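Okay, so here's the structure we're looking at.
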Amino acid sequence: MATSTTTSPKTCTNRPARPGRPRGPPAQDPAEWLPPAESALCRYAAEGTATKLRWDLTLDEAEQDQILVIAADCPGTEVIWTPAP
């Protein structure tokens with residue numbers, strides 16, 4: 001995965017739960033939870049990394065190791081982020 005900045009950030013947002021709509025996973029990092037669909041791993045890792053970069057958040061060693069494992073299988077994935085104001 002490569003990183004770059006942009007003026008159109010992708011970041012996590014809160015959505016209210018709607019009846020009949022499954023809720024997302026609890027706040028967990030990639031060392032604790034991964035999306036069940038293997039096809040979603042690259043996007044999940046890229047967007048999670050962009051959020052960490054945008055908000056200057058840290059990674060623990062287990063989380064970093066898991067991101068690096070995922071990234072090794074995502075050669076065409078780019079991480080696009082904008083620093084938070």
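Read the figures in this text as sums done on the coordinates, not as results from a lab. Just so you know, these numbers come straight off a predicted model, no measurement behind them. Here the Cβ is made from the backbone with ideal geometry for all residues, glycine too, and neighbour counts use every protein chain on show.
Here are the numbers for this structure:
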{"read-out": "Subset of the stretch 35-56 [hydrophobic (A, V, I, L, M, F, W, C) and over 12 Å from the mean Cα position of the chain (by Cα)]", "value": "ALA37, TRP55"}
{"read-out": "ALA62, sole failed condition from (1) surrounded by fewer than 16 Cβ atoms within 10 Å (Cβ to Cβ); (2) touching a helix residue (DSSP H, G or I) at 6+ places or on another chain (Cβ under 6 Å)", "value": "(2)"}
{"read-out": "Selection count, the stretch 48-64, where residues are more than 17 Å from TRP33 (Cβ to Cβ), part of a helix (DSSP H, G or I) and hydroxyl-bearing (Ser, Thr, Tyr)", "value": "0"}
{"read-out": "Every residue from the stretch 65-77 that is surrounded by 13 or more Cβ atoms within 10 Å (Cβ to Cβ) and not in a helix (DSSP H, G or I)", "value": "CYS74, THR77"}
{"read-out": "Matching residues, the stretch 34-48, being surrounded by 13 or more Cβ atoms within 10 Å (Cβ to Cβ) and out of contact with any helix residue (DSSP H, G or I) (no Cβ under 6 Å at 6 or more places or on another chain)", "value": "LEU34, CYS42, ARG43, TYR44, ALA46, GLU47, GLY48"}
